[in-house]
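Coordinate-derived values only; no laboratory data. The shown structure was predicted, so the numbers you read here are calculated from the model rather than taken from an experiment. Glycine also receives a Cβ, built like all others from the backbone with ideal geometry; neighbour counts cover every protein chain displayed.
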């Protein structure tokens with residue numbers, strides 16, 4: 001039996017986009033250890049995972065200000081030192097960035113093939129797998145409860161199903177280390193339990209991992225140690241204690257979740273503005289699969305709707321329907337007062353700001369953050385021409401507000417996941433929209449940034465912005481939500497505005 005991988009980081013630093021993102025990192029990782037990696041957005045968590053996996057190279061020592069000892073990244077298997085190429089085969093990374101790649105490049109493999117790519121550590125299945133390998137894939141599909149969707153295309157899956165498939169893809173490699181980058185982001189309670197069970201079985205086999213998290217519930221059960229980053233430096237390395245979980249709970253506001261409570265809509269038409277959007281007998285299909293049935297709903301100016309439901313209930317598809325990226329099936333109707341039938345959909349989209357996790361995967365690497373935010377003025381992915389002076393002025397104003405102005409010339413892949421989410425919200429704000437559609441808007445944000453975003457949304461709501469937000473955690477909603485919509489089994493019903501899934 002081969003010895004498991006140990007990793008030693010000695011006085012390592014990383015410089016990206018003209019900025020030190022990691023400084024003087026010293027960390028020993030022993031086989032079988034399970035770590036929680038904490039830190040605010042931009043602290044360097046994702047870059048540290050990539051440094052361990054070999055996807056990021058440390059900046060040469062001569063470019064550092066000073067180091068106390070020779071910088072080194074050392075991989076060992078037992079007493080044997082191994083090279084980076086062999087070490088990379090023993091490390092598996094899972095996170096939003098990998099999931100986004102499938103949408104960005106249109107990789108729509110059947111689930112079975114997507115899991116099988118893990119055997120060869122490739123993005124696509126370059127050759128048929130052997131019979132023994134097929135057996136390993138089938139075993140992993142059963143272990144993760146995915147056998148019923150083994151032939152489904154990856155891009156047709158719900159967010160939770162995709163994340164579970166990527167976990168199966170990583171585990172089929174039998175890695176020594178799992179690098180879990182915000183693994184639980186965007187998942188409902190059911191998928192969290194399913195992933196907990198899969199990781200629990202892996203833990204009993206001696207699996208080691210490092211899991212980044214902002215919430216207590218995002219730390220996998222069985223995690224025993226904690227390392228905390230701040231501005232690219234290690235601030236704390238210790239055993240994970242109950243007090244650390246309580247600190248995460250307090251920072252995330254996890255105790256604010258409300259109990260489910262359905263109620264009829266109050267008649268608020270006398271206080272609210274005109275109808276902005278009306279759906280009548282709408283059926284919605286995605287990839288020939290029914291998502292919503294006979295939906296009747298309207299949105300008035302000044303209303304603020306929270307949208308709840310399990311992974312796969314149709315929350316993201318519902319927002320895409322409102323935005324204009326999806327259309328109802330024959331027989332249903334969408335009315336947009338002021339936009340008569342035949343009006344180009346882009347005219348409507350310029351009135352609506354939209355933020356979703358999928359936007360992380362759409363923006364290409366050759367668009368800088370300033371252009372990304374400026375594109376929100378035109379409801380476009382990037383800019384077709386040079387931005388105007390007004391575009392740049394407004395983009396810089398929102399970047400400054402979100403404390404991203406110093407990153408204006410960096411590329412999306414040079415930002416942390418949370419930083420990119422803030423940039424996408426800034427992009428939505430740049431449109432000066434009347435309606436703001438937010439799909440899990442605070443996913444990937446640390447407690448400080450979540451609090452900041454909620455205060456901003458509350459200010460915008462007081463200015464008569466109409467907000468529709470789909471979330472899993474009630475504590476991610478700003479104060480002032482007026483209505484709730486619960487999606488379940490292809491139908492929608494009115495719920496308490498802070499209903500928690």
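Over the chain, DSSP H runs of length four or greater, each weighted -39,500 (n - 2.57), average out per residue to a 222 nm ellipticity of -9000 deg cm²/dmol. Counted over the range 423-501, the DSSP beta bridges are approximately 50% antiparallel. Once the Cα-Cα distance is subtracted from the 0.36 nm per residue extended length, the residue 57 to residue 123 segment shows a gain of 21.6 nm. Between residue 397 and residue 30, the simple label model (points 7 Å from Cα in the Cβ direction) yields a spacing of 5.7 nm.
Here the spin labels are modelled as points 7 Å beyond Cα on the Cα-Cβ line, and at residue 285 and residue 329 they lie 0.6 nm apart.
Computed from the alpha carbon positions, the gyration tensor of the range 275-495 leads to an equivalent ellipsoid with semi-axes of 28, 20, 17 Å, biggest first.
Here the relative contact order of the range 275-495, from alpha carbon pairs under 8 Å that lie six or more residues apart, stands at 29 percent. Each DSSP beta bridge with both residues in the range 275-495 is either parallel or antiparallel, and the antiparallel ones are about 50%.
Look at where the Cα atoms of the range 294-333 and of the range 418-432 average out, and the two centres are 22 Å apart. Would you please give the FRET efficiency between residue 104 and residue 388, computed as 1/(1 + (r/R0)^6) with r the Cβ-Cβ distance and R0 = 25 Å, to the nearest 0.05? Given R0 = 25 Å and the Cβ-Cβ separation, E is 0.35.
The antiparallel fraction among DSSP beta bridges confined to the chain stands at about 50%. At an R0 of 22 angstrom, the distance between the Cβ atoms of residue 217 and residue 489 translates into a FRET efficiency of 0.30. Spacing of the modelled spin labels on residue 434 and residue 143, each 7 Å from Cα toward Cβ, amounts to 5.4 nm.
Using the average count of surrounding beta-carbon atoms within 10 Å as a protection proxy, the listed peptides 318-325, 396-403 rank, highest first, as 318-325, 396-403. Computing FRET efficiency as 1/(1 + (r/R0)^6) for residue 189 and residue 451, where r is the C-beta to C-beta distance and R0 is 30 Å, gives about 0.80.
Protection proxy ranking, highest mean first, for peptides 233-239, 171-177, 145-151: 171-177, 145-151, 233-239, where packing is the per-residue count of other beta-carbon atoms within 10 Å, averaged. Dividing the convex hull volume of the alpha-carbon atoms in the chain by its residue count gives 159 Å³ per residue. Annotation: peptides 21-33, 282-294, ranked by per-residue average of other Cβ atoms within 10 Å with the highest first, follow the order 21-33, 282-294. For residue 463, project a label point 7 Å along Cα to C-beta. Then give me every residue of the range 278-302 with its amide nitrogen under 19 Å of that point. So the set is 301-302.
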